[in-house]
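**Student:** Once you've had a glance at the structure underneath, I'll fire off some questions.
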Amino acid sequence: MCRCHVHRSCHGCHHAVDRRRFLQGFGAAAAAAAGGLRSLSGMAADHTGKKARVAAVFLDSMNTREIWPYPDFDTKNRRQEVLAALKKGCPDVEFIPADAKKAVAMKDEVAGYLVYVMTLVWGQGGPMAQIAQLGKPTLVADEFLGGSGVFLTGYSRLCSRKIPAAGVSTTRLDDLVTVARQFAKVGKDTTPASFAQQCEQVYRKTFGARGDMKCTEDKVPLTEISECVKRFRDSRFLIIGRGRAGQEHDFLGAKGRYLDFSELSAYYEKVDQEQAAEWAKRWSGQAGKLPAGKYVEPSQPTAEAIRKAGGVYLATLELLKKYDTDNVTMNCLGGFSSGKLPSYPCLGFMQLLNDGGQGVCEAMPDDTLSMLMARILTGRPGFVSDPALDTSKNRIVYAHCVGTTKPFGPKSQENGYRIRTLHNRDPRGACVESMLPAGYMTTSFRTNAGRKELIVHQAKAMGPLDSEHGCRTKLIGEVTGDIGKLFDQWDQFGWHRVTVYGDVKEPLAEFGKALGLKIIEEA
């Protein structure tokens, strides 16, 4: 799993690290790590006949609304639940709860560290790295659809820096307990690397068996690769709310133009509000009802939020017409929170995707390029997501608040959806929860244009996950390869992946090579 002791070593991706800033404070970790990966002689003598003492650090900040699992998640209760399971299942280990600062100060008093990433606050990557650099046996665990982004990018970053640590991402708490028992075996000859290797051996025995991978027949009409390359290099797209307005940049031959929100706002002011209301009525009328159940409220947006989304959609269409393109990516979260965007564009982006265009969130060029490749090659929209891993079921879950409801292309039948608030539960925001279909092979990938690389894996679609955790549209995938290898590479390519329906790994790789990309298979 971790490249520092199993897989090849790779260089880090500056884009992924800068974007998320999850390694704030990493420099301080270097000083704390003096002494490096020494063996743990001395600790063994201290622990003869005693319980191994392990600092348990829960990275569970709730200082933002843009958070997973969801705002006001009960971190205290979950922490107690995890600690109770560890105490019961690891009788020879004493887990000592401590915040990151206190845990670092305990370096000479403990045999190792358990770092549990519970929430999606990007600054928590710094403490994770700081602790892992102390030269002690370290186990990093993810709260599924909670800390997943920090966990995947942060753990991969440790591997790139050859800092040994074990990693666990599962919905079954017993799996974490099984791996954590390895702290009881820490002795004078144990190194962080040997501890991580032992943990991986034990952890892999908990992995869920692969299910029936037979998929529904799906003949994908493919575009000739030479035509794909031509259309790609003739493509233009807009990047709104990031970069220097007016500048144009070449991305593997496609042209991206940076714009301010002011241009979109000017069109929004001229929108016909009756037309905006008509789009709101159409989307609401086609959406399914939210069934009775226990939800984190507010679970649905206001009618005004949906109407404003209709206005943003109409303004976006005018902007796309001005620049002669059907492809846009937007800094939606930043634009709305700063008051520069009157509504989230999620519903309008769904419509663009369904109609054969592209609406991509977060102003991400690499997501946009990947979506463009999928659309040109297959005629189908991609689904940008924030993935989370569940090794207990051999599953990856692709989660985001923007998704198509026509995964087989504009002329295909629409799958069901509901209109929901976003992950932040702001009633002023509206997005789609798309019930993407099960039974089909999917191909997930992402470019790194700066490094001229493309990473790819495949999974069988198992349908939507019904959960209040994380973003709204959640597609379950049964991993076709080695899920253990999916712990790798997230620092190289960022947290996002683009999923397209179809068994198209080989033609996609051919397309990528024709664009000059190195192809990397994950899993």
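**Student:** Using only Cα atoms and rounding to the nearest 10 degrees, what angle (0 to 90) does helix 148-160 make with the longest principal axis of the chain?
**Tutor:** For 148-160 against the chain, the angle is about 60 degrees.
**Student:** Between E468 and K322, with labels modelled 7 Å along Cα→Cβ, what's the label distance in nm to one decimal, could you check?
**Tutor:** 4.2 nm
**Student:** What Kirkwood hydrodynamic radius do you get for region 146-286 when you take the inverse of the mean 1/r over all pairs of distinct Cα atoms, in Å? List each step's numbers first, then the result.
**Tutor:** Values: mean 1/r = 0.0456 Å⁻¹.
Computed over Cα pairs of region 146-286, the Kirkwood hydrodynamic radius comes out at 21.9 Å.
**Student:** Using 14 Å as the cut-off for backbone N distance, which residues of region 339-366 belong to the label zone defined by a point 7 Å from the Cα of R65 along Cα→Cβ?
**Tutor:** The answer is 339-344.
**Student:** In degrees between 0 and 90, to the nearest 10, how far off the longest principal axis of the chain does helix 505-514 point, with axes built from Cα atoms?
**Tutor:** 80 degrees
**Student:** Describe numerically, in nm with one decimal, the distance between label points set 7 Å from Cα along Cα→Cβ at R79 and at S262.
**Tutor:** 4.6 nm
**Student:** If DNA, RNA and ligands are ignored and the probe is 1.4 Å, what is the ranking of K136, K513, K270, K294 by accessible area, most exposed first?
**Tutor:** Details: K136 0, K513 140, K270 165, K294 190 Å².
Sorted by accessible area, descending: K294, K270, K513, K136.
**Student:** Next question. Protein chains only, probe 1.4 Å: how do Y313, Y267 rank by accessible area, largest first?
**Tutor:** On the way: Y313 15, Y267 60 Å².
From most exposed to least exposed: Y267, Y313.
**Student:** Using only the alpha-carbon atoms of region 154-206 as identical scatterers, what base-10 log of I(q)/I(0) does the Debye formula give at q = 0.28 Å⁻¹?
**Tutor:** Debye output, listed in q order: -1.14.
**Student:** Provide the net charge surrounding E506, with neighbours chosen by a C-beta distance below 15 Å and charges set as Lys +1, Arg +1, Asp -1, Glu -1.
**Tutor:** -2
**Student:** Determine the relative contact order of the chain: mean sequence separation of Cα pairs under 8 Å and six or more apart, normalised by residue count, in whole percent. Could you put the intermediate results ahead of the total?
**Tutor:** Working: 1222 pairs, mean separation 87.0, N = 523.
Computed over the chain, the figure is 17 percent.
**Student:** With a ≥ b ≥ c the root eigenvalues of the C-alpha gyration tensor of region 82-131, is it rounded (a/c under 1.5), prolate (a/b larger than b/c) or oblate?
**Tutor:** Verdict is oblate for region 82-131.
**Student:** If you roll a 1.4 Å probe over the chain with all protein chains in place, what percent of the accessible area is carbon or sulfur?
**Tutor:** Numbers: 9650 of 20070 Å².
Carbon and sulfur: 48 percent of the exposed surface of the chain.
**Student:** Right, something else. Antiparallel as a % of all DSSP beta bridges within the chain, to the nearest 5? List each step's numbers first, then the result.
**Tutor:** Numbers: 39 of 75 bridges.
For the chain, the DSSP antiparallel bridge percentage is about 50.
**Student:** Helix 365-378: angle to the longest alpha-carbon principal axis of the chain, degrees 0 to 90, nearest 10?
**Tutor:** That helix lies at roughly 60 degrees to the long axis.
**Student:** How much mean residue ellipticity at 222 nm does the chain get from its helices, if each DSSP H run of length 4 or more adds -39500 (n - 2.57) and you divide by all residues, to the nearest 500 deg cm²/dmol?
**Tutor:** Numbers: 18 runs with 176 residues, N = 523.
Taking each H run of at least 4 residues, the total per residue is -10000 deg cm²/dmol.
**Student:** Sorted by accessible area with a 1.4 angstrom probe, largest first, how do H469, H423 fall?
**Tutor:** Numbers: H469 45, H423 20 Å².
Largest accessible area first, the residues go H469, H423.
**Student:** Quick check: Cα centre of region 306-329 to Cα centre of region 83-110, how many Å?
**Tutor:** The two parts, judged by their Cα centres, are 52 Å apart.
**Student:** Taking the Cα-to-Cβ direction at E248 and at Q286 and moving 7 Å from each Cα, how far apart do the two end points lie in nm?
**Tutor:** 3.3 nm
The values are calculated or read from the model by the stated rules, or taken from the named source; none is laboratory data. Predicted model, so just to flag it, every value in this text is computed and none were measured. Neighbour counts run over all protein chains shown; Cβ positions are idealised from the backbone, glycine included. Ligands, DNA and RNA are stripped out before the accessible areas are found, and what is left, the full protein with its side chains, is counted by its heavy atoms. Shrake-Rupley method; radii C 1.70, N 1.55, O 1.52, S 1.80 Å.
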